[in-house]
Amino acid sequence: MPELPDVEKVRRELLAWLAGAILTDVRANDARLVRPITPASFARRIRGARVVDVARRGKWLRIELDGGARVFSHLGMTGDWVARELAAPDEPHERPRFDAVRRGTRRSVRYVDARRFGRLVAARGDIPEWTELGPDPLADGIDARALGAKLTRSARPLKIALMDQTVLAGVGNILATEALFRAKVDPRTPSRAVSPKVLSRVTRALEAEISRELEARTRCGHEEEAPSFAVYGRAGEPCLTCGKALAHVVLAGRGTTYCPRCQR
Ligand SMILES: [Zn+2]
């Protein structure tokens, strides 16, 4: 599932493709992605508008249009945006498409989602899914005191609390797993038992991991070439630091890999 660094990369691409462009045509053709409104009314709300900016908060993107309309995009499990020649035929999972013109250059920007767990919402003003998000570590920075105050209210394992989108927006399984390894903190630690000293290690580790992944994604350009991970997806393999076999536990239904020696 795309996490903060993946979605930020998409935001930068969308901004490069669409900033200042007029959406000359919008074809949705997929009732599931744009529900509860119909594809026709989705298209009607945004067709003819000019793209002013593309923002991101956590795993949500917000395409801002003149006239006040906004398109919110969540990539779900497999969502992505691509740019095509206007005449390029729609591939099976390329919908909706936004045909855009800027300074005489025409291109078609299309949402692609093989498993279709993503969402697209056309609205005026912000939607609850956007406003209810906690601070975004990249856009807002992480305020360790505010984060600590939220964590003390919960007995959940620290890793699960970090993945709560109202605690920090954009942190998913990969970022939480990698940051806790980097910080040498056991992912099962109850949130409210985290000391200020440990919290500051976790905060720094999250920031460092976000920068590392974002840089790797910006450099390589393709999901298949995404950065390699120290622990995520490596259960049973030797820890890169100490050589001990990495352990696997299930926390709140999510698989979690960690080093039982380094992360105490
Ligand atoms: Zn280790």
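The values are calculated or read from the model by the stated rules, or taken from the named source; none is laboratory data. None of these values were measured; they are calculated from a predicted model. Here the Cβ positions follow ideal geometry from the backbone for every residue, glycine too, while neighbour counts run over all protein chains shown. Ligands, DNA and RNA are stripped out before the accessible areas are found, and what is left, the full protein with its side chains, is counted by its heavy atoms. Shrake-Rupley method; radii C 1.70, N 1.55, O 1.52, S 1.80 Å.
Is at least one residue of the range 195-213 modelled with pLDDT of 95 or more, in contact with a Pro (Cβ under 7 Å, 6 or more places away or on another chain), open to solvent by less than 50 Å² (accessible area, probe 1.4 Å) and among the hydrophobic types (A, V, I, L, M, F, W, C)? Among the residues of the range 195-213, at least one is modelled with pLDDT of 95 or more, in contact with a Pro (Cβ under 7 Å, 6 or more places away or on another chain), open to solvent by less than 50 Å² (accessible area, probe 1.4 Å) and among the hydrophobic types (A, V, I, L, M, F, W, C), which makes the answer yes. Scanning the range 91-139 for residues that are at pLDDT below 95, open to solvent by less than 20 Å² (accessible area, probe 1.4 Å) and in a loop (DSSP other than H, G, I, E, B) turns up just one, Gly118. Scanning the range 147-186 for residues that are open to solvent by 10 Å² or more (accessible area, probe 1.4 Å), in contact (Cβ under 8 Å) with a residue 60 or more places away in the chain and farther than 16 Å from Arg234 by Cβ turns up Arg156, Pro157, Ile160, Met163, Gln165, Lys184, Asp186. Could we say that Gly148 is within 16 Å of the ligand (Cβ to nearest atom) and more than 18 Å from Arg56 (Cβ to Cβ) here? No. Do we have Ala216 as in contact with a Lys or Arg (Cβ under 7 Å, 6 or more places away or on another chain), more than 16 Å from the ligand (Cβ to nearest atom) and closer than 21 Å to Ala169 by Cα here? Against the criterion (in contact with a Lys or Arg (Cβ under 7 Å, 6 or more places away or on another chain), more than 16 Å from the ligand (Cβ to nearest atom) and closer than 21 Å to Ala169 by Cα), Ala216 does not qualify. Of the helices (runs of 4 or more DSSP H) that lie entirely inside the range 1-89, those containing 2 or more residues that are open to solvent by 50 Å² or more (accessible area, probe 1.4 Å) and farther than 26 Å from Asp140 by Cβ span 31-34, 39-46.
Yes/no matrix, rows are residues, columns are (1) among the aromatic types (Phe, Trp, Tyr); (2) under 30 Å from Ala40 (Cα atoms):
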position: Phe98; (1), (2): yes, yes
position: Val101; (1), (2): no, yes
position: Arg106; (1), (2): no, yes
position: Ile160; (1), (2): no, no
position: Val198; (1), (2): no, no
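Any idea which residue in the range 255-264 is nearest to the ligand (Cβ to nearest atom), counting only those that are closer than 13 Å to Leu158 by Cβ and part of a strand (DSSP E or B)? So the residue we want is Tyr258. Exactly one residue out of Thr177, Thr203 is assigned to a helix (DSSP H, G or I) and in contact with a strand residue (DSSP E or B) (Cβ under 7 Å, 6 or more places away or on another chain), and it is Thr177.
Within the set Thr189, Thr241, the sole residue that is open to solvent by 20 Å² or more (accessible area, probe 1.4 Å), within 12 Å of the ligand (Cβ to nearest atom), modelled with pLDDT of 95 or more and polar (S, T, N, Q) turns out to be Thr241. Six or more apart or on different chains, Cβ under 9 Å: which pairs go from a residue in the range 240-259 that's on the phi > 0 side of the Ramachandran plot to one that's hydrophobic (A, V, I, L, M, F, W, C) and not in a strand (DSSP E or B)? Could you list them? Close Cβ pairs (under 9 Å, with a partner that is hydrophobic (A, V, I, L, M, F, W, C) and not in a strand (DSSP E or B)) amount to Ala252/Ile160; Ala252/Met163.
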